[in-house]
Amino acid sequence: MNSQAVPTSSILIWPFLLFLLVSFSVGAQSDKEGKRRLGSSYFISNTTLVPEPGKMLQDQYILFENGVITAIGKSIRLPPDAVEIKGDSLFVYAGFIDMANKTGVVEPKIPEKPENFDSSSPDPEIAGIHPHFPVTLSYQEDNPHDKEWQKLGFTIAQKLPLGKGMLPGTSALYLYGQEGNNNLLVENQSLYFKFSTVGGVYPNTTLGVMATWRDLVQNARLYKARQSQYALDKRIPRVEKNPVLAALIPVIDREMPVLLETSDELDMRRALKMQEENQLRLILTGVNEGDQLLPLIKERSIGLVLTLHLPADQLSGTEPVDTGDDYDARRERIKAAYNRSLAFAGTVEDIGIPFALTTKHLPRGDFYKNLCLMIQNGLSSEGALAALTVNPARLLGISDIAGTVAEGKMANLLIMSDTLFSAGAKVQMVISDGYVFDYTEISEKSKDEKIIWEYRAETPGGTSSGTWEFIRRKGKWSGSVTYENPEGPGTVTRPTDIEEMGTERMRFSFSVPLAEEKLEVTVYGKISGNSFTGEMKLIGYDNFPVKADKKDKPEKSNEL
């Protein structure tokens, strides 16, 4: 439709639309809160891409929209309104995936012990046997810990339920995306098992836990068989509903893996016995020892999740208190055990077991430090990257959407200032589910600031003008637009929502309510110094050019 077809109401609000255009052009690049999704068309330009471990591509363009990667290459077709994220001198990786994570999860409410309680035969929930409890009922997405892990490059996490007993519930996969959106990827992803007891009730020993597990598996098989019999013959008695046994049916059918928490090599041996007895799909997590068991683990294709929580160096910086006759021998044993822990990841890699990593119990400040310790002690940098990307994606069954950077996969990306694990490398941006979180460390961006633009536009209704004002507080931009009142004398000021704001480009969308309709508007363009040139698109109508100049004063406001 040409410009002559624009209704009078649309022409009258042109000043308002134009004002918004300039206001947002200044501030949208840095968005640490992730309030915007990369919209209809965005691309990272001229970057170094590491799409998977061991592969590096130079001068790449990555196009994605609505949270999905749509094109990658040196020469790709870019939509005319695509917004650029400059990737020069930067390195793009797939977003990290964390397994066996519990941050943000609260403990479920367990029933009180009844009167005349028999500790030898407690209700399953009191005994810590509630596999039917999904973590989705106890995970709080708005917790501050996940935001901190996101800053390190994590975009997806497997959340585990809390609980004191052997079967706390089922895990789920969550995106570290925009708070308030649907960030649940997969629910009831795996059954979580621990060699743990509640205390004071049966099972109260590790042997009791294993015996209870055998009984539960056998009863689940009988429960399933009885359900099948009743489905064929309604004349037999109905099966009494049992949520505990029902929750185990996907496990015995090998549709759901068992994620089993281990604390030492003895736990690993018990787990292997369980897997041998019932042919489980087994994933061991929290592993940091057990060299002799690795060939069997590989033979059985058992999943392996190593802990990043390495033991402390007990010898560094300490003075001997009681040396004794065997001091040197004891010191060598401690040193050897510590070195084996640091080298364990490299040993697993050498044997050929594709393992993942968990940050459970790990202080955030030790994340990159411990990864580098593993690399210094035998793990390859490609193996470390694989343990954070492709391997957990495979173990979790989400390789079709995550783990590598490829067309059709989710826009979960980590943008670094240098190659991963290199000295001085910094996280610049994390893109999760198409939402951008900017962690660029530039001190000027953290200062409070006010900027005013004056715009002008030639519309079918004539020349219009006004001002855009935006304010940055604590690194976050907000804005307002002042325009000529289309329905009377004077001006009108309205707040605006920012999609992208940078030093060179900007893009934003908004709606304008009128008496007869609501206009949806998208504005985009380029900034050059103190000048802005762009277009405003009225959805369903036409595009119009707009220009603006930034006022010299006030650039810093004493009102902030």
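The values are calculated or read from the model by the stated rules, or taken from the named source; none is laboratory data. The structure presented is a predicted model; accordingly, all values stated were derived computationally and were not measured. Here the Cβ is made from the backbone with ideal geometry for all residues, glycine too, and neighbour counts use every protein chain on show.
For the range 197-220, how many residues are aromatic (Phe, Trp, Tyr) and under 22 Å from Phe117 (Cα atoms)?
Going through the range 197-220 one residue at a time, the tally reaches 1.
In the range 47-67, the qualifying residues are those that are surrounded by fewer than 15 Cβ atoms within 10 Å (Cβ to Cβ) and not acidic (Asp, Glu), and the one that is nearest to Phe355 (Cα to Cα) is Gly54. The residues in the range 101-118 that are within 16 Å of the chain's Cα centre (by Cα) and more than 12 Å from Pro168 (Cβ to Cβ) can be counted, and the count is 3.
Condition (residue is under 27 Å from Val427 (Cα atoms) and either in contact (Cβ under 8 Å) with a residue 12 or more places away in the chain or touching an Asp or Glu at 6+ places or on another chain (Cβ under 9 Å) (or both)) applied to the range 124-139: is it met by at least one residue?
Just the residues of the range 124-139 that are under 27 Å from Val427 (Cα atoms), to begin with: 139.
From what's left, either in contact (Cβ under 8 Å) with a residue 12 or more places away in the chain or touching an Asp or Glu at 6+ places or on another chain (Cβ under 9 Å) (or both): 139.
Yes, the conditions are met somewhere in the range 124-139.
Asp253 meets the conditions (1) within 29 Å of Glu112 (Cβ to Cβ); (2) surrounded by 12 or more Cβ atoms within 10 Å (Cβ to Cβ) in every case but one. The failed one is (1).
Suppose we keep only residues that are in contact with a strand residue (DSSP E or B) (Cβ under 9 Å, 6 or more places away or on another chain) and among the hydroxyl-bearing types (Ser, Thr, Tyr) within the range 121-169. Which one would you say is surrounded by the fewest Cβ atoms within 10 Å (Cβ to Cβ)? This residue is Thr136. Just to be sure, is Leu245 within 20 Å of Glu277 (Cα to Cα), among the hydrophobic types (A, V, I, L, M, F, W, C) and out of contact with any strand residue (DSSP E or B) (no Cβ under 8 Å at 6 or more places or on another chain)? Yes; evaluated as a whole, the condition is true for this residue. Every condition in (1) in a loop (DSSP other than H, G, I, E, B); (2) free of Cβ contacts under 8 Å to residues at least 24 places away in the same chain holds for Gly208 except the one numbered (1).
Checked against the criterion of being surrounded by fewer than 16 Cβ atoms within 10 Å (Cβ to Cβ), within 19 Å of Pro122 (Cβ to Cβ) and at pLDDT 95 or above, the range 218-236 contains one or more residues that satisfy it.
Every test in (1) charged (D, E, K, R); (2) surrounded by fewer than 20 Cβ atoms within 10 Å (Cβ to Cβ); (3) free of Cβ contacts under 8 Å to residues at least 60 places away in the same chain is passed by Glu349 save one, and that test is (2). Quick check: anything in the range 457-478 surrounded by 14 or more Cβ atoms within 10 Å (Cβ to Cβ), at pLDDT 75 or above and of a type in the set (Val, Ile, Thr)? The answer is yes; a qualifying residue exists. The residues of the range 68-89 that are surrounded by 14 or more Cβ atoms within 10 Å (Cβ to Cβ) and among the charged types (D, E, K, R), listed by number, are Asp81, Glu84, Lys86. Screening Leu260 with (1) closer than 18 Å to Gln279 by Cα; (2) exposed (fewer than 13 other Cβ atoms within 10 Å of the Cβ) gives one miss only, at (2).
Which of the residues spanning the range 174-194 are hydrophobic (A, V, I, L, M, F, W, C) and surrounded by fewer than 19 Cβ atoms within 10 Å (Cβ to Cβ)?
To start, the set of residues in the range 174-194 that are hydrophobic (A, V, I, L, M, F, W, C) comprises 175, 184-186, 191, 193.
The answer is Leu184, Val186.
State which residue is farthest from Glu500 (Cα to Cα) when the search covers only the range 513-543 and only residues that are hydrophobic (A, V, I, L, M, F, W, C) and modelled with pLDDT of 80 or more. Per the stated criteria, the residue is Phe532.
Residues that are assigned to a strand (DSSP E or B) and of a type in the set (Gly, Ala, Ser) occur in the range 145-161; there is at least one. The set of residues in the range 391-428 that are without any contact (Cβ under 8 Å) to a residue 60 or more places away in the chain and crowded, with 20+ Cβ neighbours inside 10 Å contains only Asn391.
Among all positions in the range 480-490, there is no residue which is within 38 Å of the chain's Cα centre (by Cα) and modelled with pLDDT under 70.
Scanning the range 271-288 for residues that are over 28 Å from the mean Cα position of the chain (by Cα) and either surrounded by 13 or more Cβ atoms within 10 Å (Cβ to Cβ) or part of a strand (DSSP E or B) (or both) yields Ala271, Leu272, Met274, Gln275, Asn278, Leu280. Scanning the range 373-390 finds one or more residues that are crowded, with 16+ Cβ neighbours inside 10 Å, within 24 Å of Pro257 (Cα to Cα) and of a type in the set (S, T, N, Q).
Would you mind finding the one in Ser121, Ser45, Ser41 that is within 25 Å of the chain's Cα centre (by Cα), among the hydroxyl-bearing types (Ser, Thr, Tyr) and at pLDDT below 90?
Ser41
The residues of the range 232-254 that are assigned to a loop (DSSP other than H, G, I, E, B) and under 15 Å from Thr170 (Cβ atoms) amount to a single one, Asp253. Gly200: in contact (Cβ under 8 Å) with a residue 40 or more places away in the chain, surrounded by 15 or more Cβ atoms within 10 Å (Cβ to Cβ) and more than 16 Å from Ile283 (Cβ to Cβ), yes or no? Here the answer is no, as Gly200 does not meet what is asked.
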